[in-house]
1. Going by the structure shown, is LYS10 of a type in the set (D, E, K, R), out of contact with any helix residue (DSSP H, G or I) (no Cβ under 6 Å at 6 or more places or on another chain) and modelled with pLDDT of 95 or more?
2. Is it the case that LYS28 is in contact with a Ser or Thr (Cβ under 6 Å, 6 or more places away or on another chain) and either among the basic types (Lys, Arg) or more than 23 Å from VAL105 (Cα to Cα) (or both)?
3. Starting from residues that are among the hydrophobic types (A, V, I, L, M, F, W, C) and over 16 Å from the mean Cα position of the chain (by Cα), keep the ones in region 1-47 and report whichever is surrounded by the most Cβ atoms within 10 Å (Cβ to Cβ).
4. Only one of ASP104, ASP63, ASP80 is in contact with a Ser or Thr (Cβ under 9 Å, 6 or more places away or on another chain) and not assigned by TED's automatic domain parsing to the domain that holds PHE20. Can you tell me which?
5. What do you reckon, is THR35 in a helix (DSSP H, G or I), without any contact (Cβ under 8 Å) to a residue 60 or more places away in the chain and not assigned by TED's automatic domain parsing to the domain that holds ALA101?
6. Scan region 48-61 and give yes if some residue there is part of a helix (DSSP H, G or I), more than 14 Å from the chain's Cα centre (by Cα) and crowded, with 16+ Cβ neighbours inside 10 Å, otherwise no.
7. Any residue at all in region 97-110 that's at pLDDT below 95 and in a loop (DSSP other than H, G, I, E, B)?
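The values are calculated or read from the model by the stated rules, or taken from the named source; none is laboratory data. Computed from a predicted model, the values in this text were never measured in an experiment. Positions of Cβ are generated from backbone atoms using ideal geometry, with glycine treated the same way; all protein chains shown enter the neighbour counts.
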Amino acid sequence: MIGKEILERKAVSLAHVKHFLESRDTAKVATFEQTQSLDYAQKLSKLAYGKAEGMFNNLLNIDGMDEELASKVVDILPEDEETLKLLVQKNSKVSESSFSAILDVVKAHSKH
């Protein structure tokens, strides 16, 4: 790893990564890792930064939702409960009764 130390760990969506890397100071040369990360985020990010942040914040208002799961939901954009169940870990505090609320947030923010 080229970085000197990890200052903070935080779960973020690919849209956030893309926005952050694109808004970096262009006077500095991007490292190989940054270039590869930006390329990956550009290819796989499904939402614009503003929509992704709005969805992320709305998801955090759902009972039991944490930042890690919210970022996964923003990246994957599950369309049904079956797909959502694959994202939710066994030890998650999100109950199955919250799944419809999560899917409603996804539908509201992913409309084109």
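1. On the way: of a type in the set (D, E, K, R): yes; out of contact with any helix residue (DSSP H, G or I) (no Cβ under 6 Å at 6 or more places or on another chain): yes; modelled with pLDDT of 95 or more: no.
For LYS10, the condition - of a type in the set (D, E, K, R), out of contact with any helix residue (DSSP H, G or I) (no Cβ under 6 Å at 6 or more places or on another chain) and modelled with pLDDT of 95 or more - is not met.
2. Values: in contact with a Ser or Thr (Cβ under 6 Å, 6 or more places away or on another chain): no; either among the basic types (Lys, Arg) or more than 23 Å from VAL105 (Cα to Cα) (or both): yes.
It is false that LYS28 is in contact with a Ser or Thr (Cβ under 6 Å, 6 or more places away or on another chain) and either among the basic types (Lys, Arg) or more than 23 Å from VAL105 (Cα to Cα) (or both).
3. First, pick out the residues of region 1-47 that are among the hydrophobic types (A, V, I, L, M, F, W, C): 1-2, 6-7, 11-12, 14-15, 17, 20-21, 27, 29-30, 32, 38, 41, 44, 47.
Going one step further and asking which of them are over 16 Å from the mean Cα position of the chain (by Cα), we end up with 1-2, 6-7, 27, 29-30, 32.
Numbers: MET1: 6, ILE2: 7, ILE6: 7, LEU7: 6, ALA27: 5, VAL29: 7, ALA30: 14, PHE32: 8.
Checked region 1-47; the qualifying residue surrounded by the most Cβ atoms within 10 Å (Cβ to Cβ) is ALA30.
4. Working: ASP104 fails: in contact with a Ser or Thr (Cβ under 9 Å, 6 or more places away or on another chain); ASP80 fails: in contact with a Ser or Thr (Cβ under 9 Å, 6 or more places away or on another chain).
None of the others qualify; the one that does is ASP63.
5. Values: in a helix (DSSP H, G or I): yes; without any contact (Cβ under 8 Å) to a residue 60 or more places away in the chain: yes; not assigned by TED's automatic domain parsing to the domain that holds ALA101: yes.
Answer is yes for this residue.
6. Taking region 48-61 as the starting set, the residues that turn out to be part of a helix (DSSP H, G or I) are 49-60.
Right, trim to more than 14 Å from the chain's Cα centre (by Cα) and you get none.
No, that holds for no residue.
7. no
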